[in-house]
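The values are calculated or read from the model by the stated rules, or taken from the named source; none is laboratory data. Nothing here was measured: the structure is a model prediction, and the numbers come from that model. Please note: Cβ atoms are built from the backbone with ideal geometry, for glycine as well, and neighbour counts cover all protein chains shown. What goes into the accessible areas is simple: the full protein's heavy atoms, side chains included, and nothing from ligands, DNA or RNA. Shrake-Rupley method; radii C 1.70, N 1.55, O 1.52, S 1.80 Å.
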Amino acid sequence: MRRTAVIVLAALAVGACERPAEDKPGPALRPEPVVVYASYEDENYLPSLLTGFTRETGIPVTVRHRPEYQIIGEVIANKGAPPADLLLARSVHGAWRAADEGALRPLQSPQVTRSVPGWLRDPDDYWTAIGFSPVRVVCNADRQPDCDAVEAYEDLAKPEFEQRLCLSASSIAVNRTVTAGLIADHGLRQAELIVRGWIANLALPPFETETALLQAVESGTCGVGVVSGLALQDFNRPAVAATWPQPGYFDVVAVGINRHARSPDAARRLAEWLAGPVAQEAQFAAIGLLPVNPSVPAGGLEFPSSNSRHNAAVFGFHEAEAIKLAERARWN
């Protein structure tokens, strides 16, 4: 087991005096808001989405936006008195780390279990994906054969891609995902040889952002590159074509309830709503995040339950090894 935890359940009985018959009930109390910690560049997207939850349940939602590394760090550092009830992580790595550090509590939601396949949930029930994003190989649309030549991520280490491959910084989540997937598939030594082959084939030093990499592919400076599906969706220019090698790697957007959340029941209801059909359809329409609920159509795409190599948790499990591998391979 990669996590060891003791969960103590305590029941507190609170006595209440019976109200005199002549007392009139006071006005109904407004529910406490669920506070969500999230990281989106478009800070209007999530509040707009969550108005649907408030309409259905009457529970208000407050969204606090911070950079991904900051919200994960703060949730872990303040797990005894967390700054939010629900953590929304833009990658499996953040959700995994928060769970591993004891900052999350088990979801314990039969509804989530019914809505989301097991390969998109934490094996210990600390988080669930609410959407996923394939790891894409991209090329210039005028050179579609470059994409067609990539049947597997491992192919990018072959000699024919020398001086044609471009990558973004190894610290970016999509690159940790791919490296962790290679470790899971091939073992540490072989995975490192593959990554060293990538580095040897680079046309340019790694880009600081995925957007900069996509711009270089669009201009023809780079022959092929590796990016997240969300970055490609945000870029959204016809000059860039893409493929998803099969079986493929992917990253997830995941939610988990903070261990000492002030409103854990309301946070659980929000997690269930995000995994339900209304939110799933809205996410796909707004930002192209693929649904985790198999009952929700994804623009004609077949739900890829048989196309993923691993449970999403594998990418978090091997993250520490992936970071060290990138350092040894001089992938900055």
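Points worth noting:
- Subset of the stretch 35-69 [among the aliphatic types (A, V, I, L, M) and either touching a Gly at 6+ places or on another chain (Cβ under 6 Å) or outside any helix (DSSP H, G or I) (or both)]: VAL35, VAL36, ALA38, ILE59, VAL61, VAL63
- ALA203 being closer than 13 Å to LEU325 by Cα, of a type outside the set (Val, Ile, Thr) and open to solvent by less than 40 Å² (accessible area, probe 1.4 Å): no
- Here GLY220 qualifies as touching a residue at least 60 places away in the same chain (Cβ under 8 Å) and surrounded by fewer than 17 Cβ atoms within 10 Å (Cβ to Cβ).
- If only residues of the stretch 137-153 that are more than 22 Å from SER91 (Cα to Cα) and part of a helix (DSSP H, G or I) are counted, the one that is least open to solvent (accessible area, probe 1.4 Å) is CYS147.
- Selection within the stretch 305-330: residues that are part of a loop (DSSP other than H, G, I, E, B) and open to solvent by 10 Å² or more (accessible area, probe 1.4 Å). The member of this set that is modelled with the lowest pLDDT is SER306.
- Of all residues in the stretch 202-227 being charged (D, E, K, R) and in contact with a Phe, Trp or Tyr (Cβ under 9 Å, 6 or more places away or on another chain), the one that is nearest to ASN332 (Cα to Cα): GLU210
- Residues satisfying the stated conditions in the stretch 224-266, i.e. open to solvent by 40 Å² or more (accessible area, probe 1.4 Å) and not hydrophobic (A, V, I, L, M, F, W, C): GLN233, ASP234, ASN236, ARG237, PRO238, GLN246, PRO247, ARG259, HIS260, ARG262, ASP265
- Scanning the stretch 105-136 for residues that are open to solvent by less than 10 Å² (accessible area, probe 1.4 Å), of a type outside the set (Gly, Ala, Ser) and part of a strand (DSSP E or B) gives THR128, ILE130, PHE132, PRO134, VAL135.
- Hits in the stretch 183-220 (condition: over 24 Å from the mean Cα position of the chain (by Cα), among the β-branched types (Val, Ile, Thr) and more than 12 Å from LEU167 (Cα to Cα)): ILE194
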